[in-house]
Ligand SMILES: [Fe+3]
Ligand SMILES: [Fe+3]
């Protein structure tokens, strides 16, 4: 067993275009975004959330940026602030959105165009493997 | 790394006199004894327990044997029924007993005699290592 | 003695569960996906395994950020479907096999795997969608299930090699369990998918199919695939495929491929499915 | 770079915490026990470590039977003392070192240790009594602490060899942490004690002292001691000594013994204490 260095392991993730890997740095930054989102697994919490989103967010140790991104359903911004997609899924599921609908909002495409891309076989990996290699 | 067989690993434990190792079999049998005991870590639960021990036990999926042993503070019996000493400690701590006081009740000695034995260097391992070997 | 009689790999996309639950499996979008499981449903109905060790990942359902176990084995009597934000799936409660689960947990710890034992847990689509794909919509699941939840959400997940080694340890454990049980190991998740960011929607059918090939033809090579390769080639959530290696490691050196299916898309994801049989 | 500058071993008997909290350390019963820590208190005041990686076991305080992690590393900002049935100990909240803790967690997972990461946890006497023994009663602990909780309650605990290997992995992790930190590793629990059944009160001073010898003289032999030997020779709770091997493994091949203390009894337990220094 070789002992890989965690720094080089992590550094490679930044070389993938259009992707935020849920590293520890992100997990720590987004801790309360994710814990808030997870709370929406309980129907009584979903009811309180739907009744008054702003009031519900007060209980969760979130900063103004994080609150604004949640209220705006700005998922790319939420990823940058440390949100993880599986936690964030509790927010869009509560909104009645599917993974496909919510995910498309992060790509700059309309839901229809995104759906059509998927039906045609999805996004090609060519050109989006590595920023450095440009492949 | 050699692959030790779990059956021979566990069988050896039964050869130690006067000892109940907290194996999985015991952990499964005593699950609710231990979960009940753990609940006494909260002051509000301790208050309810002290006010009416029998009533408090109703919430915990315990059989009559287990309830009787808890109410009697029969710690050897509780070990046989799957209790673990670190969980049971929440019961005797709530009673205001120290580990030494509670532990002595399992040995057939008075607290004073047990305490004196400990001051004299404790119980010798000679003769209580193995039932089979008699050493 | 108990024995591992087969391995199953399958994606576990939540939309597949929704399609089943809402009776949409015959719709044109879904029909070709489900058709690829017809053979497997027939096979498993004849095969009648007693227990499935179901390797999956929890998607922020049973575990929040307070506690992140690398390998968590479910030893409970039963496991309720989790409410992931739209109510629990209308599927039966999953019945565990505590005797075998605890036996595996103990054996693996003796074997120097640092298991986390779970006695109360809800299970999400990662576990229930594979059951629906193989068993349809019964009133009760016709098999006992031992959930094995692997962290592939917070980095780093376990290496592919570590997953393979755990599979080998699970096999040793199963074979030392007294009692005549037919045990299957299922590896779930994947294949290509990325659910986040501007690169979302990535699918790499070529890489996926090479991976499917290697499961039966060049399996030792699978152990050496680094995490970054899954991410670059198959999207950020493609990392779930490391879990297939626990299944593969449990089957021994050689396997026969009994069935194979690959379909794009299910929602954002490339669906891959294999049925493998160990060759003595 | 961060470096491991010393290892400390010590028992963590709850009654010792009570004696300190109630101001009884000068009483005849307790005086000889505490006297053995005088040298260490002075040493550590001069040594001024930045961080202690404190290996201990949770005694049914943070973890109930729902979840049993083999190795759980505390990555939180701080950890409150647990209420073990008589109210929390009146000691300061323990301050963590999340940067180093997460670094170790990640590095050890890459190194194929199946860590459980903990972000919220209370800590019991297993962790706070060693701090009190070394630092007395300050208003705030003069060191950051990374709790490393090892399951030694539900069988099987990790093997001695696995503990040693984790120690080695922790050392590699610490040495790859950027930033100039003096890090100590403490192994706690033991020595001889049995808290249950008719055999309770067992003390084996001869075995304990051989174990203390081996920590600096024949340390590779320590890895091979099977669980059953701890149980037979030192009582059922003597198994806690496997945790010392994580500390010892982290110090490297050779160590110098700076201080040693052995005292019977503290309540039901034989108290052992070592201060060790790695030899380059
Ligand atoms: Fe998944
Ligand atoms: Fe202890």
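The values are calculated or read from the model by the stated rules, or taken from the named source; none is laboratory data. Remember, predicted model here, so these are calculated numbers, not experimental data. For neighbour counting, all protein chains shown are included, and Cβ atoms are generated from backbone atoms with ideal geometry for every residue, glycine included.
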Single condition residue D:78 does not satisfy, out of (1) surrounded by fewer than 24 Cβ atoms within 10 Å (Cβ to Cβ); (2) within 16 Å of ligand 2 (Cβ to nearest atom): (2)
Index of the failed condition, residue C:203 passing every other in (1) in contact (Cβ under 8 Å) with a residue 60 or more places away in the chain; (2) facing chain A (nearest Cβ under 8 Å); (3) touching a helix residue (DSSP H, G or I) at 6+ places or on another chain (Cβ under 7 Å): (3)
Pair list, Cβ under 7 Å, 6 or more apart: the stretch D:122-135 residue touching a residue at least 60 places away in the same chain (Cβ under 8 Å) and within 18 Å of residue D:86 (Cβ to Cβ), other residue within 14 Å of ligand 2 (Cβ to nearest atom) and in a helix (DSSP H, G or I): D:125/D:14; D:125/D:17; D:128/D:17; D:129/D:14; D:129/D:16; D:129/D:17; D:132/D:17
Selected residue (only one of A:34, A:76, A:84 is within 16 Å of ligand 1 (Cβ to nearest atom), at pLDDT 95 or above and within 30 Å of residue C:158 (Cβ to Cβ)): A:84
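Okay, residues lined up against (1) closer than 23 Å to residue C:236 by Cβ; (2) more than 8 Å from chain C (Cβ to nearest Cβ); (3) touching a residue at least 40 places away in the same chain (Cβ under 8 Å):
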{"residue": "A:16", "(1), (2), (3)": "yes, no, yes"}
{"residue": "A:33", "(1), (2), (3)": "yes, yes, yes"}
{"residue": "A:46", "(1), (2), (3)": "no, no, yes"}
{"residue": "A:81", "(1), (2), (3)": "yes, yes, yes"}
Selected residue [farther than 26 Å from residue A:6 by Cβ and away from ligand 2 (no atom under 14 Å from the Cβ)] from D:167, D:179, D:189, D:136: D:136
Residues within the stretch C:269-280 that are more than 19 Å from residue C:6 (Cα to Cα) and touching a strand residue (DSSP E or B) at 6+ places or on another chain (Cβ under 9 Å), tallied: 2
Pair list, Cβ under 8 Å, 6 or more apart: the stretch D:103-114 residue on the phi > 0 side of the Ramachandran plot, other residue surrounded by 24 or more Cβ atoms within 10 Å (Cβ to Cβ) and modelled with pLDDT of 95 or more: D:112/C:158; D:112/C:162
Residue C:152 within 13 Å of another protein chain (Cβ to nearest Cβ), closer than 27 Å to residue C:222 by Cβ, assigned to a helix (DSSP H, G or I) and within 18 Å of the chain's Cα centre (by Cα): no
Restricting the stretch B:48-59 to residues that are farther than 15 Å from residue D:86 by Cβ and buried (at least 17 other Cβ atoms within 10 Å of the Cβ), the residue that is farthest from the other protein chains (Cβ to nearest Cβ): B:57
Single residue of the stretch D:1-30 satisfying the filter (within 14 Å of chain B (Cβ to nearest Cβ) and farther than 24 Å from residue B:86 by Cα) that is farthest from ligand 1 (Cβ to nearest atom): D:28
Test: residue in the stretch C:87-97 that is within 14 Å of chain A (Cβ to nearest Cβ), within 16 Å of ligand 1 (Cβ to nearest atom) and closer than 18 Å to residue C:240 by Cβ: no
Those residues of the stretch B:93-122 which are within 15 Å of residue D:199 (Cα to Cα), surrounded by 18 or more Cβ atoms within 10 Å (Cβ to Cβ) and at the interface with another protein chain (Cβ under 7 Å from one of its Cβ atoms), in sequence order: B:99, B:100, B:103, B:106, B:107, B:114, B:117, B:118, B:122
Filter pass, residue C:167 being within 14 Å of chain A (Cβ to nearest Cβ), crowded, with 23+ Cβ neighbours inside 10 Å and in contact with a helix residue (DSSP H, G or I) (Cβ under 6 Å, 6 or more places away or on another chain): no
Positions within the stretch D:122-139 being surrounded by fewer than 24 Cβ atoms within 10 Å (Cβ to Cβ) and assigned to a loop (DSSP other than H, G, I, E, B), in sequence order: D:136, D:137, D:138, D:139
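Do we find that residue B:69 is surrounded by 15 or more Cβ atoms within 10 Å (Cβ to Cβ) and either closer than 30 Å to residue D:224 by Cβ or modelled with pLDDT of 95 or more (or both) in this structure?
It is true that residue B:69 is surrounded by 15 or more Cβ atoms within 10 Å (Cβ to Cβ) and either closer than 30 Å to residue D:224 by Cβ or modelled with pLDDT of 95 or more (or both).
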Residue D:147 vs. criteria surrounded by fewer than 24 Cβ atoms within 10 Å (Cβ to Cβ) and more than 30 Å from residue B:113 (Cα to Cα): no
Enumeration of residues in the stretch C:57-95 that are more than 15 Å from residue C:116 (Cβ to Cβ) and under 14 Å from the mean Cα position of the chain (by Cα): C:59
